[in-house]
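Visitor: Handing you this structure, nothing more for now.
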Amino acid sequence: MSVLAFDIGASSGRAMLGQLSSRTIEVKEIHRFPNDPVRVGNRLQWDVLRIYHEMKQGLLRAKGQHGLPTSIGIDTWAVDYGLVDRNGELMTNPYHYRDTHTDGVMEQVMKSVPPSEIFERTGIQFLPFNTIYQLASIRQQKPYLLQEAERFLMIPDLLRYFLTGEMANEFTNATTTQLYNPVSGSWDHYLMNSLHIPHGMFHPVVQPGTPVGSLRSSVTEELGIASVPVYTVAEHDTASAVVAVPALDRSFAYLSCGTWSLMGTEVEQPAIHERARELNFTNEGGAYGTYRLLKNIMGLWILQECQRTWEREGLSYSYPELVKMADAAPAFACFIDPDDPLFLPAGDMPKRVREYAARTNQRIPQGEGAIVRCIMESLAMQYRYVLDLTEELSGQKFQGLHMVGGGIHNETLCQWTANAIGKPVWAGPVEGSAIGNMAVQWIAQGELSDIWEARAVIRESFPVKTYEPEDTPLWEDACGVFGQLTRKR
C-alpha cells in the first residue's frame, strides 16, 4: 500500500512515498524543493503558488518512478492562512508568520478581550503571530479582504483545495489559530465577534483521516495522471510528527526538533487552567481525539539564521562544520534564553547573541564556534526547563524523551539534551512528520487499526538511537546558572 505524503516545512518541502508491506514501512523521498518566503517592500509572504507547482512536480515523479499512490495527504506549518473569494480564487499571497504586520497587535487584542478569557476559550499559547492576531491586523489594515472573503483556509487546507477543488478546515491546524474552542468543539464565535472577524468564512472542522475529494480534472489533465483520493491527515506537521513517535508507554514526552522545537506530551483532555496560562503552554489538537499539551521553543531557527548571516559575510560553513566548531569551543561560557523576543525576527543573529550576552552581563562569545556552542547548550537547557514544566502540568513523570524530526541529525544536540535532562533521549525517526502523515492515511484505509498499531509498526521499521546522560553533575550546575541568567528559576 503506497501513499504520498507532502511534508512542507518553513524552509523546505518534500514529496515522500511510503510503502507498507508485512508490518514494515519503507519511505523514499521522490522530490525536494526549497520553501523560501519572498520579501516585497516591507512585507514577507509565502510563495504558495510555487509550493503548489512543486507539489505537482512531486506527483509527476511519483507517476514516473513508482506509479501513482493509493492516496495523498498534506502537512505543513501552522497559523498561516489564505482567503478565498466567492469565485474560488485566492485573494492575496499569505503572509509569513515572521512578517511585522502583527507587531503590537496581540497587546491591542488583549485590551478588548482579557488574556485569561482568550486562554479559557481556546487553551492556546500566546504567540504574537497566532492567526487571531494576524486576522485582527488585517481587520485594521485591509478590512476589505475580510469583507469580501468567502472562505478561510489554513495553508494545508489551501493546498488541498488547489488539488481537489474541495474546501475543508482540518482539526489539528484549526486549533492553532487561537480561534477554536476545544470545549464546544467548534470555532469560537464570541472571540470572532469581539474582534469583528466575520465567522461566515469559517466552516465546520473535520478530523484527520477524513476523505476530502480526489485530484480535480484540471490537475489530472495537466499532468496526464489518473485521479487519486486525498485525505486530511494530522495537517499541522507537529501533530503528524507526534503520530510517528515510536512510544512503548502511553505516557511519553516528545520533542519535535527542527526550525522550531516543540516539546510536550499527548493528553486526552486539554489542560485549560491558570497555571498552564501562566507558563504559556498550549493545547493543540492531535490525531484521534487527543490533544498536544506542549510549548513552542525557538529551536534551530537561531542557528540557521547565524549560518545565513555568515554566508552573507562570505563565511560558508556546512551544518556539520558548525557543530564540530561548537564541540571545540569552551563549555558553559555563555547562555541565551532561546525564547527571548530578540531572536524571533530574521536578521543578524550572531549580533543578537552577543547583545543578549552583554545585556545579561556575561562574557561575550568570540568566534563562530563559541556562538554555536552557546545556542546549542542553551537549547538543551531550555528543553530541560520545559520538560520539567510538562511533568508538572500533566502530573506525569517521564522516563526519557523521544526526539523526532530533522534536528536529530545533530547528534551533539541529542547528547547534550540527554545530559541536560538527566534522562535518556530516544532519537528517531528523522522523517517523523512525513511518516505520521502516511500512518493516518493507512489507518483511514484500514491497513492499520489505530494510532498505537501505527506506532508499533513505526518502531519496528525505523532505527531509534539512545543517548544516555553524561557528566551529570556538571550539567546540573550549568542548568542552575542558565536558570538564574534567564530568570527561569
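The values are calculated or read from the model by the stated rules, or taken from the named source; none is laboratory data. As the structure is a computational prediction, the values presented were derived from the model and not from experiment. Here Cβ is always computed from backbone atoms with ideal geometry, including for glycine, and neighbour counts include all displayed protein chains. Surface areas here come from the heavy atoms of the whole protein model, side chains and all, with no ligands, DNA or RNA. Shrake-Rupley method; radii C 1.70, N 1.55, O 1.52, S 1.80 Å.
Visitor: Let me confirm something: among Ile30, Ile25, which residue is over 24 Å from Leu90 (Cα atoms) and either of a type in the set (Ser, Thr, Tyr) or touching a residue at least 60 places away in the same chain (Cβ under 8 Å) (or both)?
Guide: Working: Ile30 fails: either of a type in the set (Ser, Thr, Tyr) or touching a residue at least 60 places away in the same chain (Cβ under 8 Å) (or both).
Result: Ile25 is the single residue among Ile30, Ile25 that is over 24 Å from Leu90 (Cα atoms) and either of a type in the set (Ser, Thr, Tyr) or touching a residue at least 60 places away in the same chain (Cβ under 8 Å) (or both).
Residues are listed down the side, and each one gets a yes or a no for (1) more than 16 Å from the chain's Cα centre (by Cα); (2) surrounded by fewer than 14 Cβ atoms within 10 Å (Cβ to Cβ); (3) among the hydroxyl-bearing types (Ser, Thr, Tyr); (4) modelled with pLDDT of 95 or more:
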residue: Tyr288; (1), (2), (3), (4): yes, no, yes, yes
residue: Arg292; (1), (2), (3), (4): no, no, no, yes
residue: Ile302; (1), (2), (3), (4): no, no, no, yes
residue: Asp348; (1), (2), (3), (4): yes, no, no, yes
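Visitor: Could you list all residues from region 17-61 that are touching a His at 6+ places or on another chain (Cβ under 8 Å), open to solvent by less than 40 Å² (accessible area, probe 1.4 Å) and part of a strand (DSSP E or B)?
Guide: Leu17, Ile30, Leu44, Gln45 - these are the residues of region 17-61 that are touching a His at 6+ places or on another chain (Cβ under 8 Å), open to solvent by less than 40 Å² (accessible area, probe 1.4 Å) and part of a strand (DSSP E or B).
Visitor: Pull up region 308-328, narrow it to residues that are open to solvent by less than 40 Å² (accessible area, probe 1.4 Å) and under 26 Å from Val386 (Cα atoms), then point me to the one that is farthest from the chain's Cα centre (by Cα).
Guide: We begin by selecting, within region 308-328, every residue open to solvent by less than 40 Å² (accessible area, probe 1.4 Å); these are 309-310, 322-323, 326.
Still in the list and also under 26 Å from Val386 (Cα atoms): 322-323, 326.
Details: Leu322: 24, Val323: 23, Ala326: 26 Å.
Result: Ala326.
Visitor: Considering Ala357, Ala326, Ala346, which residue is among the hydrophobic types (A, V, I, L, M, F, W, C), in contact (Cβ under 8 Å) with a residue 60 or more places away in the chain and outside any loop (DSSP other than H, G, I, E, B)? First the steps, then the outcome.
Guide: On the way: Ala357 fails: in contact (Cβ under 8 Å) with a residue 60 or more places away in the chain; Ala346 fails: outside any loop (DSSP other than H, G, I, E, B).
Just one listed residue meets the conditions, Ala326.
Visitor: Residues in region 179-194: is at least one crowded, with 17+ Cβ neighbours inside 10 Å and of a type in the set (Val, Ile, Thr)?
Guide: Checking region 179-194: not a single residue is crowded, with 17+ Cβ neighbours inside 10 Å and of a type in the set (Val, Ile, Thr).
Visitor: Another one. Mind checking which residues of region 98-115 are farther than 20 Å from Ala174 by Cα, of a type in the set (S, T, N, Q) and either touching a Ser or Thr at 6+ places or on another chain (Cβ under 8 Å) or at pLDDT below 95 (or both)?
Guide: Scanning region 98-115 gives a single hit, Ser112.
Visitor: Which numbered condition trips up Arg14, out of (1) over 24 Å from Val242 (Cα atoms); (2) assigned to a strand (DSSP E or B); (3) basic (Lys, Arg); (4) open to solvent by less than 60 Å² (accessible area, probe 1.4 Å)?
Guide: Every listed condition holds for Arg14 apart from (1).
Visitor: What helices (runs of 4 or more DSSP H), lying completely within region 87-144, carry at least 3 residues that are touching a residue at least 40 places away in the same chain (Cβ under 8 Å)? Break it down stepwise before answering.
Guide: Details: elements: 105-112, 115-122, 131-141.
Those helices (runs of 4 or more DSSP H) span 115-122, 131-141.
Visitor: Next up: Of all residues being open to solvent by 20 Å² or more (accessible area, probe 1.4 Å) and either of a type in the set (D, E, K, R) or at pLDDT below 95 (or both) in region 78-97, which is farthest from Ala10 (Cα to Cα)? Just the residue, please.
Guide: Restricting to residues being open to solvent by 20 Å² or more (accessible area, probe 1.4 Å) and either of a type in the set (D, E, K, R) or at pLDDT below 95 (or both), the top hit is Arg86.
Visitor: Identify all residues within region 269-286 that are within 24 Å of the chain's Cα centre (by Cα) and open to solvent by 10 Å² or more (accessible area, probe 1.4 Å); write none if there are none. Don't jump to the end; show me each part of the working.
Guide: So the first thing to find is which residues in region 269-286 are within 24 Å of the chain's Cα centre (by Cα), and the list is 269-273, 275-286.
Answer for region 269-286, where residues must be within 24 Å of the chain's Cα centre (by Cα) and open to solvent by 10 Å² or more (accessible area, probe 1.4 Å): Gln269, Pro270, Ala271, Ile272, His273, Arg275, Arg277, Glu278, Leu279, Asn280, Glu284.
Visitor: Here's a follow-up. From the list Asn35, Asn42, which one is touching a Ser or Thr at 6+ places or on another chain (Cβ under 6 Å), over 22 Å from Leu448 (Cβ atoms) and assigned by the TED database to the domain that holds Thr220? Show your work before the answer.
Guide: On the way: Asn42 fails: touching a Ser or Thr at 6+ places or on another chain (Cβ under 6 Å).
Result: Asn35 is the single residue among Asn35, Asn42 that is touching a Ser or Thr at 6+ places or on another chain (Cβ under 6 Å), over 22 Å from Leu448 (Cβ atoms) and assigned by the TED database to the domain that holds Thr220.
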